[in-house]
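Visitor: Before I ask anything, here is the structure I am working with.
The values are calculated or read from the model by the stated rules, or taken from the named source; none is laboratory data. Just so you know, these numbers come straight off a predicted model, no measurement behind them. Neighbour counts are summed over all protein chains in view; Cβ atoms, including those assigned to glycine, are modelled from backbone coordinates with ideal geometry. Heavy atoms of the whole protein, side chains included, go into the accessibility calculation; ligands, DNA and RNA do not. Shrake-Rupley method; radii C 1.70, N 1.55, O 1.52, S 1.80 Å.
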Amino acid sequence: MARIDHDLWRRTARAHGGSSNTLFIAILANLLRQARRARGEAPLDRLRTLMPVDIGMALDAMNVPIEERPTATVIASLIDL
């Protein structure tokens, strides 16, 4: 377990062109790569992950009426790392 200052986390993510979530995913991807390397497994050219994305705020900004919104406001985005 690690504790990291929230503002530092966000600043670091933004400095690298990402968000708090993309920084988290990037760290996990690198941990997986290191674990494979430590076990002597071949490195991965690409690592794909599904990341949930809440589209509720975007729909609010577009003034989409509640009755016209999808029933699920969480979708998955495929990210190649």
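Visitor: Which number in (1) surrounded by 10 or more Cβ atoms within 10 Å (Cβ to Cβ); (2) more than 18 Å from the chain's Cα centre (by Cα) marks the one condition that residue 30 misses?
Guide: (2)
Visitor: Hey, another quick one. Is there a residue being among the aromatic types (Phe, Trp, Tyr), open to solvent by 70 Å² or more (accessible area, probe 1.4 Å) and free of Cβ contacts under 8 Å to residues at least 24 places away in the same chain anywhere in region 20-27?
Guide: yes
Visitor: Looking at (1) under 18 Å from the mean Cα position of the chain (by Cα); (2) at pLDDT 90 or above; (3) in a loop (DSSP other than H, G, I, E, B), find the lone condition where residue 7 falls short.
Guide: With (1) under 18 Å from the mean Cα position of the chain (by Cα); (2) at pLDDT 90 or above; (3) in a loop (DSSP other than H, G, I, E, B) applied to residue 7, the lone miss is (3).
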